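For reference, the structure is listed below as structure tokens.
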Amino acid sequence: MSEQGRPATGASAWAMGLLALLPIPILGPIAAGGGMIAAYGPLSRQGPLAKQNAAAARSWGRVFLVSSTLLLLAQLVIGLVRMTQPSAEASAFFPQGIPFALYLVVCVVHVVVVLLGLRRARRGEIVRVPFARSA
């Protein structure tokens with residue numbers, strides 16, 4: 001139960017996902033994914049609705065954290081490879097910038113999923129995310 005007598009809904013786990021909007025590059029998405037994963041522990045003891053919604057948020061946070069980290073690492077590797085090949089001619093953004101462009105798309109999708117999950121959880125509904133399995 002929350003302080004106002006309403007049952008806990010697990011919305012705070014979804015709200016942690018909004019940390020991705022921090023204006024600190026790379027740190028915001030890491031904090032968002034990590035916060036969503038870490039919020040499961042305390043929320044899992046606040047009732048079945050909070051536990052299910054926190055599990056869904058944890059699953060989505062895990063998907064977001066892994067995918068965004070892999071895309072940023074891919075961009076780093078591509079950049080380092082390009083820097084070590086001085087004979088290669090400069091090319092446009094998109095052959096090398098595809099991981100970064102996908103990273104931006106993943107971040108936008110994350111914010112949309114978090115806002116929808118937060119809205120449903122605040123209403124007291126169970127949030128289901130199609131890309132992530134709640135365990």
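Taking Val113 as the residue in question, decide whether it is open to solvent by 40 Å² or more (accessible area, probe 1.4 Å), more than 17 Å from Ala8 (Cα to Cα) and part of a helix (DSSP H, G or I).
Values: open to solvent by 40 Å² or more (accessible area, probe 1.4 Å): no; more than 17 Å from Ala8 (Cα to Cα): yes; part of a helix (DSSP H, G or I): yes.
For Val113, the condition - open to solvent by 40 Å² or more (accessible area, probe 1.4 Å), more than 17 Å from Ala8 (Cα to Cα) and part of a helix (DSSP H, G or I) - is not met.
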* Asked: Quick one: in segment 82-100, which of the residues that are open to solvent by less than 70 Å² (accessible area, probe 1.4 Å) and part of a helix (DSSP H, G or I) is modelled with the highest pLDDT?
  -> Pro99
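On the given criteria, is Pro23 without any contact (Cβ under 8 Å) to a residue 40 or more places away in the chain and either over 22 Å from Leu102 (Cα atoms) or among the hydroxyl-bearing types (Ser, Thr, Tyr) (or both)? I'd like the intermediate steps shown before the answer.
Details: without any contact (Cβ under 8 Å) to a residue 40 or more places away in the chain: yes; either over 22 Å from Leu102 (Cα atoms) or among the hydroxyl-bearing types (Ser, Thr, Tyr) (or both): no.
It is false that Pro23 is without any contact (Cβ under 8 Å) to a residue 40 or more places away in the chain and either over 22 Å from Leu102 (Cα atoms) or among the hydroxyl-bearing types (Ser, Thr, Tyr) (or both).
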* Structure fact -> Within segment 40-67, the residues that are under 17 Å from the mean Cα position of the chain (by Cα) and open to solvent by 30 Å² or more (accessible area, probe 1.4 Å) are Tyr40, Arg58, Arg62, Val63, Leu65, Val66, Ser67
* Structure fact -> So the helices (runs of 4 or more DSSP H) completely within segment 1-75 holding 1 or more residues that are in contact with a Gly (Cβ under 7 Å, 6 or more places away or on another chain) and over 17 Å from Arg123 (Cα atoms) are 27-38
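The values are calculated or read from the model by the stated rules, or taken from the named source; none is laboratory data. All values derive from a computational prediction rather than experimental measurement. Please note: Cβ atoms are built from the backbone with ideal geometry, for glycine as well, and neighbour counts cover all protein chains shown. Please note that ligands, DNA and RNA were not included when accessible areas were found on the heavy atoms of the full protein model with its side chains. Shrake-Rupley method; radii C 1.70, N 1.55, O 1.52, S 1.80 Å.
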